[in-house]
Each structure stands twice: as C-alpha cells, then as structure tokens.
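The values are calculated or read from the model by the stated rules, or taken from the named source; none is laboratory data. A quick note: this is a predicted structure, and the numbers were derived from the prediction, not measured. Cβ coordinates were reconstructed from backbone atoms using ideal geometry, including for glycine residues, and neighbour counts include every protein chain displayed. These area figures cover heavy atoms from the full protein model, side chains too; ligands, DNA and RNA do not enter into them. Shrake-Rupley method; radii C 1.70, N 1.55, O 1.52, S 1.80 Å.
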Amino acid sequence: MCGVGIQPIICLRQGVSSIQIHILAVGKLKERYWAEAAQAYLKRLSFYADVYLDEVPDQPVPKTPSPGERAGVLAAEGEALLGRIKDRDWVTALTLDGRRWTSEQFAEQWQGWMSRGAARYVFVVGGTLGLHFRVTRRADALWSLSPLTFPHQMARVIVLEQLYRAFQILRGGTYHR
C-alpha cells in the first residue's frame, strides 16, 4: 500500500510487480553460502520486483592465458551474454570502468532507470576475465562496485543487496539506516 512520501514507482503490493530485474552472469553460484545469500536477497526483493538469476556457462581459462586465449574466452562468454539480452532491455554492465555511486546515489540512478519503463532491467556480471567489449558497448550504463576486485559470485550478491537497499531508500524504509 502506498503511503505519503513513498515514491509511486515502487509502491507495489505483495505479489504484484511490473518490474523485471535479471541478473545475467557468467558461471554458476557453486558455493552454498553465495547461493544462500543470493536467495535471501531474492526473497527480500520479491516485494518490489520479479527478479531472476540467469547464468551462462563460463569458459575454461588456462592458468596463464595468451592474449588470443583471453580474447577467445571473452568473445565466447560475450556472445552467450548478448544472446540473452533483448532489444528493449535496459542493460547495466558491471565493469571497473563504470561509474561508482554511494548507495543513495545508486538509489537515485535506479529510480531514473525505472522511470524509463524498460521491458526488463538487466545487470550483467562477467566471468573471471571480465566482459567482452561488445557487452559493455551494448550496455546503457556501466557500474563499478568498487576499485577493489571481487569474486564474480560476490558481485552478484552485492548487486542484489544494493538493489534491495535502493528500494528501501526510495520508500523510506529502515534497512538503510
């Protein structure tokens, strides 16, 4: 139920959602603790949006890959990712070259993106070597979580947590305080 001061774009009743969010990632969440953390945030986010984890297979990376091997891995993973993105999707790619926001700034960005009325909002998380340039070129926004390097499994959980936090900030919830 919407209340005073709550942004109408995120005023949704339990079980009713018009927002689709897809976390599109290379590789599977193999460790149980990452999968459990992701599930916890998926459950929390279900009040605000329909959220899906979509995984494409990661390519084997040699211990010390040559430039050609690196390019081949990135190209194969990039093709698989691009094959899951639709023309009307709003795509945010996670990359070191992306913008960095505080949680409050990200909430503002997220609200602006939602106001565009995209069919789906897709957050793309690369594999061990990152993302192919064709994926970042297709993206509508580039987001850097931090100058630090994170395992891509952790990046998925951070994206889910920040989306939940953004919804909470926008509706004046207590989670962010």
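The table for this structure:
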read-out: Under 15 Å from the Cα of K28 - aspartates and glutamates, other chains or at least 8 residues apart; value: E36, D54, E55, D58, E77
read-out: Set of lysines near K30 by C-alpha distance (under 25 Å), chain-local residues within fewer than 8 positions excluded; value: K43, K63
read-out: Cα→Cβ-extended label distance, 7 Å offset, between D87 and R177, nm; value: 4.7 nm
read-out: Computed E for Q111/T64 - FRET, C-beta separation, R0 35 angstrom, nearest 0.05; value: 0.20
read-out: Exposure of T64 as accessible area (Å², to 10), given a probe of 1.4 Å and all protein chains; value: 120 Å²
read-out: Percent accessible area from carbon and sulfur atoms, the chain, protein chains only, probe 1.4 Å; value: 52 percent
read-out: Length released on extending from K28 to R137, taking residue separation times 0.36 nm less the Cα-Cα span; value: 36.8 nm
read-out: Principal-axis tilt of helix 103-114 within the chain, Cα atoms, nearest 10 degrees; value: 90 degrees
read-out: Electrostatic dipole magnitude of the chain [Cβ: Lys, Arg +1; Asp, Glu -1; Cα centre; debye, to 20]; value: 260 debye
read-out: Table column - 3J(HN,Hα) (Hz), the range 62-73, Karplus curve with 6.51, -1.76, 1.60, x for Gly and Pro; value: x, 4, 10, x, 6, x, x, 5, 4, 4, x, 4
read-out: Fraction of beta bridges assigned by DSSP in the chain that are antiparallel (%, nearest 5); value: 5 percent
read-out: Karplus (6.51, -1.76, 1.60) ³J(HN,Hα), θ = phi - 60°, over the range 78-86, in Hz, Gly and Pro reported as x; value: x, 4, 5, 5, 4, x, 9, 9, 9
